[in-house]
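Working notes for the structure below.
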Amino acid sequence: MLCLFPSSLTRSWRQKEQTFRYRSVIVLSLQVTFFRYNTAMEVTQVLLNAQAIDGTVRKHAEESLKQFQEQDLPLFLLSLSRELANEERPVESRKLAGLILKNALDAKEQHRKLDLVQRWLALETSVKTQIKMCSLQTLSSPVSDARSTTSQVIAKVAGIELPQKQWPELIGSLLSNIHQLPAHVKQATLETLGYLCEEVSPDVMDQDQVNKILTAVVQGMNASEGNNDVRLAATRALYNALGFAQANFSNDMERDYIMRVVCEATLSSEVKIRQAAFECLVSISSTYYEKLAPYMQDIFTITAKAVREDQEPVALQAIEFWSSICDEEIDILEDYVGDFSGDSDIPCFYFIKQALPALVPMLLETLLKQEEDQEQEDGAWNIAMAGGTCLGLVARTVGDDIVPLVMPFIEENITKPDWRQREAATYAFGSILEGPSANKLTPIVNVALTFMLSALTKDPNNHVKDTTAWTLGRIFEFLHGSTMDTPIITPANCQQIITVLLQSMKDVPNVAEKACGALYFLAQGYEDFGPSSPLAPFFQEIVQALLTVTHRADAGESRLRTAAYEALNEVVRCSSEETAPMVLQLVPVIMIELHKTLEGQKVASDEIERQSELQGLLCGCLQVIIQKLGSSEPTKYVFMQYADQIMGLFLRVFACRSATVHEEAMLAIGALAYTTGPDFAKYMPEFYKYLEMGLQNFEEYQICAVTVGVVGDICRAIEDKVLPYCDGIMTQLLKDLSSNQLHRSVKPPIFSCFGDIALAIGDNFEKYLMYAMPMIQSAAEMSVHTAGADDEMTEYTNSLRNGILEAYSGIFQGFKNSPKTQLLISYAPHILQFLDSIYMGKDMDEVVMKTAIGVLGDLADTLGSNAGSLIQQSQSCRDFLNECLSSEDNLIKESAEWAKSAISRAISV
């Protein structure tokens with residue numbers, strides 16, 4: 001099956017003897033004999049068989065490899081590294097050997113990755129040394145696939161060892177290769193350095209090593225480097241190394257040199273080098289925005305030339321540079337709202353505003369470069385789409401200033417006989433609707449609306465109609481709603497708009513899908529319109545038209561069926577009281593549709609996915625209807641006649657065991673629990689097993705998270721009737737918290753769920769305190785230590801803290817007025833310490849602030865004088881309370897006033 005190499009036979013045999021006592025005598029002797037007497041060629045054969053067309057041969061080979069890996073990992077990895085290094089072996093077996101070796105060192109799932117890292121670190125030093133030597137040796141192979149694969153292997157090993165202060169000689173060894181001939185060694189080494197920079201964080205290498213790597217990479221990019229493969233590898237390596245170059249970009253001379261080499265590379269004769277160089281510029285634009293001012297004129301010149309003249313992959317990156325600059329400036333302007341008097345670490349340089357007169361015409365030209373079939377391809381991306389996206393970002397960056405620059409292009413092209421010009425003009429108009437003020441756009445939209453409604457039904461070209469429907473959706477999204485001073489939809493044009501959209505839903509799928517999207521935003525704009533909505537007279541007609549779309553034979557194309565159900569959901573969600581009877585009539589209609597999908601379960605395998613998707617859409621629709629009808633007593637009362645049948649359908653959906661359906665059905669059950677209230681208890685005996693399955697679903701963590709939320713919904717609905725199920729639920733939630741396999745995003749809602757359970761069952765939560773409280777305290781301590789690492793971590797930390805605080809709040813409120821409150825006294829100092837640490841950290845968001853001040857009040861309210869004295873002694877608690885009392889956020893202020901009165905009562909007792 002797989003080889004033993006002569007040099008490793010003796011050592012490997014001793015290893016086998018050491019592990020003898022742990023294995024079955026028969027299995028071990030068979031395995032050792034099998035491995036020992038196979039030749040090196042048979043390793044090759046198994047790797048080739050693992051790529052065979054014959055499924056049986058392939059499966060047998062894959063099982064053999066898996067068996068070998070499980071039973072002798074050191075020998076397995078050594079065999080792969082030697083196969084990769086052996087020039088006499090076929091390229092296919094070498095490449096797969098390297099790929100398997102790489103995958104034995106890394107994984108996407110965090111828990112699996114940690115396990116693989118520990119396995120590598122636990123290997124004998126001599127084994128690791130041999131594997132690393134084989135890998136480095138392969139960098140000089142004449143076979144490019146072998147070099148490229150070994151580059152990734154070396155980087156993965158470096159990603160494990162360099163942070164552990166191991167393999168210190170690696171970077172020196174790689175840098176010594178840079179000066180070698182032949183060129184392919186240099187190319188492979190630069191590729192390795194690029195992968196290495198992708199794998200390790202900048203703090204792992206000292207500045208001297210970074211300087212040497214950057215020097216080697218930038219020299220490899222230089223125009224004086226005659227080999228294009230070397231230049232390409234160097235340019236791609238720089239892309240990954242830019243995060244290491246903070247100090248170098250702070251040095252004017254070094255930054256000038258790097259920027260000059262990158263800009264020169266954008267003019268290379270080789271298209272892949274030009275593309276990679278522009279990718280570097282895009283990365284620089286976001287990483288070193290504040291350093292770009294001296295280079296912007298030159299960059300505009302080279303990007304404009306690339307956009308107008310170069311091949312599409314290069315032109316797309318040139319446009320992306322300007323999109324990236326927009327993203328940076330939008331973020332700065334949103335964060336600091338134009339006030340740069342020292343508040344901002346990174347001042348806004350207004351590059352977009354300065355470039356506007358030249359940038360906008362360049363982008364408008366790109367809109368005319370459409371492709372004939374662009375609407376039919378999922379995920380299609382071309383110069384016209386990139387240009388329109390960038391134009392939209394420019395509009396968000398500069399606001400009103402873009403309008404006079406774009407309107408002449410629209411007016412000139414909107415009625416031209418060539419469809420490309422009409423479509424480009426419409427796309428330009430749709431792209432600038434977010435950013436400029438309503439005052440600037442409303443007069444223009446009022447003039448354009450009638451024209452666009454006509455174009456949507458009468459233009460002979462589907463591309464134009466598609467973009468027109470999309471633009472109408474943008475008009476309704478950004479310029480329609482209760483906040484608008486001047487409504488663009490009036491009693492005079494409302495009927496025409498609806499008539500045109502419903503007619504367009506009968507058009508080809510891509511146009512019909514955009515018409516559904518426009519109707520979605522039209523309905524959304526009437527959400528807060530009051531008891532009577534202008535859409536009410538058309539409600540029945542709209543709903544019927546959308547249901548007809550869902551039954552179209554071609555509804556599976558262009559996301560049409562999904563778009564129709566999304567529009568239907570929004571029409572229902574934003575409907576007014578007067579249409580409630582029609583929403584009720586929709587319940588049996590959707591139930592029948594869902595019933596049909598369950599009856600037809602014996603469908604062909606290629607239909608199963610479509611059926612599953614349809615079930616998810618129907619469950620989602622029922623969820624919205626249930627929430628709508630459950631929001632007022634009269635409709636809730638009438639709806640209850642359907643509750644048993646709906647729950648029966650949801651339980652049958654669960655039996656299908658499809659992940660997407662499971663999630664949608666679970667969300668709908670949460671809505672049903674909220675609406676049915678205490679009556680939901682009768683469904684628990686049959687539903688509980690699915691609830692438990694959802695909580696155990698580590699793999700599809702979104703389902704686990706949704707299920708945790710539904711547990712909270714059920715607790716609020718049936719209160720102490722959930723008690724018989726709490727042992728199982730709490731056991732599973734505690735397992736979830738202990739698991740390193742479960743995605744971290746599920747853990748904050750689990751803590752919140754503890755609070756929901758405690759509120760529902762009151763002091764019956766006593767039996768869980770000894771398990772839950774240590775976990776909550778441990779998470780609280782962790783949230784203090786992990787704060788502020790980066791924006792993403794800060795957001796997660798706030799989410800975690802909020803979950804912890806909601807747990808404390810629910811537990812304290814659940815025990816209020818119970819003789820068992822003394823059980824909580826011992827936890828009070830820790831909770832006050834936690835509140836103190838998050839207040840002193842000054843990085844909590846408003847949600848955490850409101851929950852935290854509420855917990856301070858709960859503590860005083862439940863424990864009375866036992867907490868009052870502790871709170872009195874804490875200066876930071878008093879400071880926190882005063883800060884919340886003076887908050888401009890009314891919800892925080894109200895919570896603080898309640899907490900103040902609870903603390904006053906506790907102190908006065």
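What number of residues within region 854-881 satisfy the criterion of being under 38 Å from the mean Cα position of the chain (by Cα) and surrounded by fewer than 19 Cβ atoms within 10 Å (Cβ to Cβ)? Steps first, please.
So the first thing to find is which residues in region 854-881 are under 38 Å from the mean Cα position of the chain (by Cα), and the list is 854-859, 876-877, 879-881.
In the following step, the residues that additionally are surrounded by fewer than 19 Cβ atoms within 10 Å (Cβ to Cβ) were identified as 876, 879.
So the count comes out to 2.
Can you go through Q615, Q601, Q611 and tell me which one is on the phi < 0 side of the Ramachandran plot, modelled with pLDDT under 95 and not in a helix (DSSP H, G or I)? Full working, then the answer.
Working: Q615 fails: not in a helix (DSSP H, G or I); Q611 fails: not in a helix (DSSP H, G or I).
Going through Q615, Q601, Q611 in turn, the sole match is Q601.
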Looking at region 211-234, is at least one residue surrounded by fewer than 19 Cβ atoms within 10 Å (Cβ to Cβ) and over 18 Å from I178 (Cα atoms)? no
In the set S783, S778, S818, which member is over 19 Å from E692 (Cα atoms), open to solvent by 50 Å² or more (accessible area, probe 1.4 Å) and small (G, A, S)? S778
Among the residues of region 528-563, count how many are at pLDDT below 95, within 22 Å of I475 (Cα to Cα) and under 28 Å from the mean Cα position of the chain (by Cα). 2
When Y827 is run through (1) more than 17 Å from S895 (Cα to Cα); (2) modelled with pLDDT under 90, the failure sits at (2)
Count of region 400-421 residues which are assigned to a helix (DSSP H, G or I) and without any contact (Cβ under 8 Å) to a residue 40 or more places away in the chain: 7
Name the pairs whose Cβ atoms lie under 8 Å apart, with the first residue in region 269-285 and within 22 Å of G226 (Cα to Cα), the second outside any helix (DSSP H, G or I) and not acidic (D, E), and 6 or more positions between them or separate chains? V271/Q311; R274/T266; R274/L267; R274/S268; A277/T266; A277/S268; F278/T266
Step by step: first the residues of region 103-143, then only those that are open to solvent by 40 Å² or more (accessible area, probe 1.4 Å) and among the basic types (K, R), then the one that is farthest from Q164 (Cα to Cα). Which residue is that? K108
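Collect the residues in region 677-700 that are open to solvent by 70 Å² or more (accessible area, probe 1.4 Å) and part of a helix (DSSP H, G or I), keeping them in residue-number order.
Taking region 677-700 and keeping what is open to solvent by 70 Å² or more (accessible area, probe 1.4 Å), we get 678-679, 682, 685-686, 689, 696, 699-700.
Selection gives P678, D679, K682, P685, E686, K689.
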Which listed residue is open to solvent by 40 Å² or more (accessible area, probe 1.4 Å) and either in contact with a strand residue (DSSP E or B) (Cβ under 7 Å, 6 or more places away or on another chain) or not aromatic (F, W, Y) (or both), from K465, K440: K440
Sort out which residues of region 858-878 are charged (D, E, K, R) and modelled with pLDDT of 90 or more, and write them in order of number. D858, D861
Return a yes/no flag: does region 701-723 have any residue that is crowded, with 20+ Cβ neighbours inside 10 Å and touching a Lys or Arg at 6+ places or on another chain (Cβ under 8 Å). no
Tally the residues that are out of contact with any Leu (no Cβ under 7 Å at 6 or more places or on another chain) and either modelled with pLDDT under 95 or β-branched (V, I, T) (or both), restricting the search to region 271-285. 2
Take region 528-582 and flag every residue that is out of contact with any Phe, Trp or Tyr (no Cβ under 6 Å at 6 or more places or on another chain), open to solvent by 30 Å² or more (accessible area, probe 1.4 Å) and aliphatic (A, V, I, L, M). A553
Checked V307, V271, V282 against criteria (touching a Ser or Thr at 6+ places or on another chain (Cβ under 8 Å), of a type in the set (A, V, I, L, M) and open to solvent by 10 Å² or more (accessible area, probe 1.4 Å)); the one match is V282
For region 843-865, give me the residue count where each residue is within 29 Å of S908 (Cβ to Cβ) and out of contact with any Leu (no Cβ under 8 Å at 6 or more places or on another chain). 7
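The values are calculated or read from the model by the stated rules, or taken from the named source; none is laboratory data. These numbers were taken from a predicted model, which means no experiment stands behind them. For neighbour counting, all protein chains shown are included, and Cβ atoms are generated from backbone atoms with ideal geometry for every residue, glycine included. Surface accessibility is based on the protein's heavy atoms, side chains included, excluding ligands, DNA and RNA. Shrake-Rupley method; radii C 1.70, N 1.55, O 1.52, S 1.80 Å.
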